[in-house]
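The values are calculated or read from the model by the stated rules, or taken from the named source; none is laboratory data. Not measured: the values here are computed from a predicted model. Backbone-built Cβ (ideal geometry, glycine too); neighbour counts: all protein chains shown.
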Amino acid sequence: MFLLPNSYVQLLKRKDFFTLSLLIFIGQAASAFLVLSLIVSVFLKTGSNLGVSGVILSFTIPAFFLMAFAGLFADAFDRRKIIIFANIFIALVVLVIIITQSVIYASIPLSFFYFAGNTFFIPASSAATAQLVSKKELLIANTIFIFTLAGGVLLGLFIASLVYFFLGAKATLFVCEGLLIMAASLSFSLPKMLPIAKSHDSLISRIKSLWQGVVYMFTSRALWFFFVTFAAAQGVIFFGITLAPGFFTEIIRIAIKQAIIFIFPVVGIGVLLGVYFIQKTKIRELYLISLGNSIVGLTLLSFGLLIKVQLLPQMLVALLSVPFLIFLGSGVTVVMVASRTAIQTRVPHTHQGIVFGANIILASLIATIMSILAVIFEVVFGYLGTFVLGGTVLISAGAILVYLGKRWKY
């Protein structure tokens, strides 16, 4: 039986940290319900990866344009109030989506407003996670954070896939709304989380502190190293999301409505393995990032080559997709936990809102580019050629990261 280490149990026993973790989990599950409704509906309507890319743009563009303001807000105001406002706002947006009774034409532009509200929630909750624990507990807190983040998305996507398959898109949106109402209610039980400890700070001193955060972010080479790595890992995820519907339909030959039931629990196993590995190892963050990149790269390269030689029967190809998804999930999890921990250990909590806000801006930009590149690469190289090329790039990136880290003494 898998048991959590005592250090994890003790942290989760703290009411405030547990409430925040549960809130993040529920919020991510709700977002998963909305995203799945959009992606599956658009793909079934268009049969195109380009359509899926359009859905992705509807929730990466708000983050790109608004995250700078969201990061500043998270470092200037009570993070509890920001979390409450964001959850209420996005719950109202989903209510409007339901009232329009259109999953594609009305809800895609409305999803822009949903993820605009969610953009303010992300840096506030990210910074609040570090604010509720001591510095020596950051690795544990980040492991739990990534687990709740990924777990909420994956469990949400899996349950959403079942609801969508049996009950349709509208029922999926109703469940999404219920989860958001629950998250908004939980937000009120969080404690005050003012980013600056001194209550007598003036507006000028707050602005000065925010400016110091900007300067720190742009002058710390070590921070930039892990900052870019964390953002790039999210870009890889969006690259995969863009290709997944077409890949499983054309290569694995499983209809998208059946594939979505299969994909998410398998990826979830990979996330669990990644989290388990992180908590058991004492390897430095730099080497964990390199290892995670190499796992993802080797998985893509080997899977692409095995299918490309066309010596495997279709049934075996389908079976091989199970370890393929598991290794992808574990590799990306290792990279994200390690890079996020490295960032938080180098940034004081008073600046973490702006740092994570800026990180999501970069991640949104990378995700947008990667989603578009996924469509282009699939057209030019095909799915398997894209896997081989992507795997080679990621393996090379892992080696380069180790070289740079050793040279710069990270």
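Quick notes on this one:
Let's see how each residue does on (1) of a type in the set (Val, Ile, Thr); (2) at pLDDT 85 or above:
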| position | (1), (2) |
| --- | --- |
| ILE83 | yes, yes |
| ALA106 | no, no |
| ALA124 | no, no |
| ALA128 | no, no |
| ALA160 | no, yes |
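- Qualifying residue in segment 351-363 (condition: assigned to a helix (DSSP H, G or I), at pLDDT 80 or above and aromatic (Phe, Trp, Tyr)): no
- Any hit, segment 257-265, residues being surrounded by 18 or more Cβ atoms within 10 Å (Cβ to Cβ) and more than 18 Å from ALA32 (Cβ to Cβ): no
- Candidates GLY151, GLY156, filtered to the one that is at pLDDT 85 or above and in contact with a helix residue (DSSP H, G or I) (Cβ under 7 Å, 6 or more places away or on another chain): GLY156
- For segment 32-46, the criterion of being modelled with pLDDT under 80, β-branched (Val, Ile, Thr) and part of a helix (DSSP H, G or I) is met by at least one residue.
Per-residue answers, yes or no, for (1) under 30 Å from ALA342 (Cα atoms); (2) touching a residue at least 24 places away in the same chain (Cβ under 8 Å); (3) surrounded by fewer than 23 Cβ atoms within 10 Å (Cβ to Cβ):
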{"site": "PRO123", "(1), (2), (3)": "yes, yes, no"}
{"site": "ALA127", "(1), (2), (3)": "yes, yes, no"}
{"site": "ALA160", "(1), (2), (3)": "no, yes, no"}
{"site": "VAL163", "(1), (2), (3)": "no, yes, yes"}
{"site": "CYS176", "(1), (2), (3)": "no, yes, no"}
{"site": "PRO191", "(1), (2), (3)": "yes, yes, yes"}
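- The residues on offer are GLN344, GLN314, GLN258, and the sole one that is under 22 Å from ILE140 (Cβ atoms), over 16 Å from the mean Cα position of the chain (by Cα) and touching a residue at least 40 places away in the same chain (Cβ under 8 Å) is GLN344.
- Residue match in segment 52-59 (condition: touching a Pro at 6+ places or on another chain (Cβ under 9 Å), over 17 Å from PHE174 (Cβ atoms), polar (S, T, N, Q) and touching a residue at least 12 places away in the same chain (Cβ under 8 Å)): yes
- Residues that are surrounded by fewer than 21 Cβ atoms within 10 Å (Cβ to Cβ), within 17 Å of the chain's Cα centre (by Cα) and farther than 16 Å from GLY117 by Cβ within segment 18-63 comprise LEU22, LEU57, listed in sequence order.
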